[in-house]
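The values are calculated or read from the model by the stated rules, or taken from the named source; none is laboratory data. Treat the numbers as computed from the prediction; the structure is a model and nothing was measured. With ideal geometry, Cβ positions are generated from the backbone for all residues, glycine too; neighbour counts draw on all protein chains shown.
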Amino acid sequence: MVGGNAVQAYAPDDGEGRGRRPTSVGVMWTDQLGRVATRALQGLVIVAAATLLIFAGLQVTIVVIPVLLALIVSAAAWPIIRFLTSKRWPPALATITVLLAIIVFLGGALTMVVLLVRNQWSELSEQAVQGFNQAIEWVNATFPITIDQDQINEWIGQAQDFIFTSQFGNAAATGLTAGISGVTTFITSGVLFVVILFFFMKDGPLIWGFLTKPLKGANKRRARLMGSRAVEVMGGYVRGTVIVALVDAVFIGIGLAIVGVPLAFPLAVLVFILAFIPIVGATLAGILAALVALVTNGLVPAIVVVGIVVLVNQLEGNFLQPVVLGKSLKLHELVVLIALTVGTILGGIVGTLLAVPVAAVSWALIRAWYEPLEKLQEDDALPDDMRTRLPWRKNLDEDDAPAGAASGAKGSSIDV
């Protein structure tokens, strides 16, 4: 040790000009290659931790999916709850009102779809048979193959034979067992989703305050900022997507009704639902609407439907979506496609719906994490909804307050 600094010992020269190698292995990690290796190891640790987290989440999807859905829906509904509580509504009453409104809206839409499909099903089935026969005639006239009624009857007979065999019975029993298990899981997840959504909407700031209470100083303000950004992105994404989906459904539904396509309203509802899947959803909705028009109305109306869907999607993508979702969804199209693919692989249909908002929130959290400390002012980092509810704010700010103020307010604060 010389002057307080460590002196590195070197090995003696080996006589061939290859001496003077450092004897400490730790020095190898301080050069440029060592720093790169250190970063690579850190990256591997992060990837391993993320993989372990995803694997653990996949084992308890019955809990993870309701929690994620409840987070997204509560973030979208929070401005309404905040407005009601600002009018001196009790938080529980405001939450129950919004929750019932959501349930009534979704239940009413699904009920109308079922009733309309049931009323028009006989007409649609007859037109589908006619369209199927026309398709067979077109195939026979276009391609060097022939499909006659005898072949169709043979295929139907093979299907009937399979139905009455033991093989189908075993498959049906297995499918029935899996179906019962799936229904049970769905009901359990649905009930859990409603319960979690209620508490997220009612006690969201209180829950976040409890989670950030162990943090101090800048870390606490940064955590508050990350929570505020996450709620802002999730809520903005859902509300913006609802507006975009509603516009798509209204205009495409009007176009289908003008063309005379059966089930125009159910198809419009389907357009609304699929609009929550960016890029891919609009294409799927257009294909389905065109197929229904082709089967029931013919080739020319189907082409008109395709034109309507393309026109609405172009107007939505170039004008409406940048205005409504520009602030919330700051992701490149390639990132969106990758997120959709990963979400579909990991979570199926629900994963497809959750992929984009989760990716957008993750990017917002990363940006908030690297926010300069001097910009983390306490009033800016604390969400508005926490500032308006004074008892919660008193408790949340207790740890950051000066010693005298904290001791003076301790007796009147609400313990989380």
Counting just the residues of region 87-109 that are of a type in the set (Gly, Ala, Ser) and under 14 Å from residue 203 (Cβ atoms), which one comes out surrounded by the fewest Cβ atoms within 10 Å (Cβ to Cβ)? 92
Exception for residue 278 within (1) within 30 Å of residue 371 (Cα to Cα); (2) part of a helix (DSSP H, G or I); (3) of a type outside the set (D, E, K, R) falls at (2)
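Residue-by-condition table, conditions (1) modelled with pLDDT of 80 or more; (2) in a helix (DSSP H, G or I); (3) not acidic (Asp, Glu):
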residue	(1), (2), (3)
312	yes, yes, yes
316	no, yes, no
321	no, yes, yes
335	no, yes, yes
344	no, yes, yes
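This table checks each residue for (1) in contact with a helix residue (DSSP H, G or I) (Cβ under 6 Å, 6 or more places away or on another chain); (2) of a type in the set (Lys, Arg); (3) closer than 20 Å to residue 234 by Cβ.
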| site | (1), (2), (3) |
| --- | --- |
| 289 | yes, no, no |
| 301 | yes, no, no |
| 305 | yes, no, no |
| 310 | no, no, no |
| 322 | no, no, yes |
| 335 | no, no, yes |
| 354 | yes, no, yes |
Hey, any hits in region 78-90 for a residue that's among the aromatic types (Phe, Trp, Tyr), in a helix (DSSP H, G or I) and touching a residue at least 12 places away in the same chain (Cβ under 8 Å)? yes
Residues within region 204-216 that are in contact (Cβ under 8 Å) with a residue 60 or more places away in the chain and surrounded by fewer than 12 Cβ atoms within 10 Å (Cβ to Cβ), tallied: 1
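Residue-by-condition table, conditions (1) touching a residue at least 40 places away in the same chain (Cβ under 8 Å); (2) farther than 30 Å from residue 370 by Cβ; (3) buried (at least 18 other Cβ atoms within 10 Å of the Cβ):
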| position | (1), (2), (3) |
| --- | --- |
| 223 | no, no, yes |
| 262 | yes, yes, yes |
| 299 | no, yes, no |
| 307 | no, yes, no |
